Amino acid sequence: MNSNILLLAIVTYFVIITFGYVIDKYLRIPWMFTVVLLSFILSALGLFQDAMHSESFQFLSKMGMLFFLFTIGVELELKKIFKLGGYIVIGTILLTLIEGFALALFFYFVFPEFVSHSFIVALVAGIAFGTVGEVVLLAILKEFNLVHTQFGQLIMGIGVFDDIFEIVALAFVIILPAFIQKGDANLSWNTPISILLTLLGLILTVVIIILTSRWLRSHLGDIKMHYFVMGNWLTTFIESIKVHNFIGPFLIFLMAFAFFHFSSIRFESMGVIAAIFSGIAVQQTLPVNMVENYKKSIYFLGNIFLGPFFFLSVGSNMSVEAILSYPLVIAIIIVISITTRVLVSTLVYRKLIGKRSSMVLGIGLSTKFSTSVVSENILLNLGLIAAPLYTTMIAAYIVMKPIIIGVFSRNVALIRDSLINSDELMNSERR
């Protein structure tokens, strides 16, 4: 491995455990933003360019992206998604589609060259931008003891159901080039059909795993109580080690890499979707205790060890020239995003939780930066969106985060008592 990559890794990890820790603890801004900003600054200064364009770095970046998505799949709460009420389902659909459509209109009619002169590309980019980053919201709700109120459950429910949109948006991003390519008619139909079949195969595999999850868990749960005996010459060594000390990580990585490999045999980009599905498969297949025991290790690998390389690549693709040339575009993206979220949230939820609370809800749901950044990165690498649009969208994520968190926290503090009182009143009426 290039020694410059090792030095870059040292610098990056140092920034994470210092500046990243501070902004995460005191400003509730995920450490990923510090890595994106670090990469952007390094690129602007012309530092570590050889390292960030090397094959080794690109491989680490890809693995970082896959394992970042894998951790999202592990966290998906399918039971909650299946039990969500109409308010959450309808609200999520309207919030995501209306914001995405509004952004698409702006991209397509004002900067058509940034979206390959295609409204479909503009719409996919807009919808991908709209996914919710509920992890930050959960921390704020916990601080104000509002997680289990109707307000808190609405936010977390929308955040959970929004994960479905993240997968759908990623799938569209992967399939999109095949549908809009020009040239040979056979190629234009065979490619998307093959991609769709691969996607359906992934979905079918996960469905089968979910349907057989109880049987799989019951049998895998027994493994930890036994030893493997592979022959007399290995007996002494094997019997000295309890299988459950390493069988968990072995099964987790086996399933993850199996999904990565078989899904990307024909289409390398399908590994992105497979990464999320592999996390779901691990969650549904392995015993709950086993998954919980190794969650910290999974997150360390996906978020702390490999994840920074992906976020370095995100920042390295940003352009200083684009930020200086299009500051108004960044502002317009932020205004469209927040305005549409607040309006739709107010219209959908004002009767349920009140006008002011629904407006605060809309502000909170404007929190971004999840798989959306992966989608925009893929769109850029596929040449479907231009570098200036990519830069302004990532810049909008960064600028919005502290604004949204600050405004949301302040307003939640102001309405906290009324939220708790209304929730207690509702519970007493039900009794």
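The values are calculated or read from the model by the stated rules, or taken from the named source; none is laboratory data. All of these numbers come straight from a predicted model, not from anything done at the bench. Cβ: placed from backbone, ideal geometry, glycine included. Neighbour counts: every protein chain shown.
Just a few scattered comments:
- Looking only at the stretch 326-347, and only at residues there that are more than 25 Å from the chain's Cα centre (by Cα) and in a helix (DSSP H, G or I), the one that is surrounded by the most Cβ atoms within 10 Å (Cβ to Cβ): 346
- Some residue of the stretch 178-196 being touching a Phe, Trp or Tyr at 6+ places or on another chain (Cβ under 9 Å), in a helix (DSSP H, G or I), crowded, with 21+ Cβ neighbours inside 10 Å and at pLDDT below 80: yes
- Cross-chain or 6+ apart pairs with Cβ under 6 Å, the stretch 265-290 first and buried (at least 21 other Cβ atoms within 10 Å of the Cβ), then at pLDDT below 80 and in a loop (DSSP other than H, G, I, E, B): 270/264; 271/264; 280/76
- The lone exception for residue 44 - which of (1) without any contact (Cβ under 8 Å) to a residue 60 or more places away in the chain; (2) among the small types (Gly, Ala, Ser); (3) over 17 Å from residue 381 (Cα atoms) it fails: (1)
- Residue check for residue 394: modelled with pLDDT of 85 or more, assigned to a helix (DSSP H, G or I) and of a type in the set (A, V, I, L, M, F, W, C): yes
- Selection from the stretch 2-38 of residues that are among the hydroxyl-bearing types (Ser, Thr, Tyr) and closer than 19 Å to residue 400 by Cβ: 26, 34
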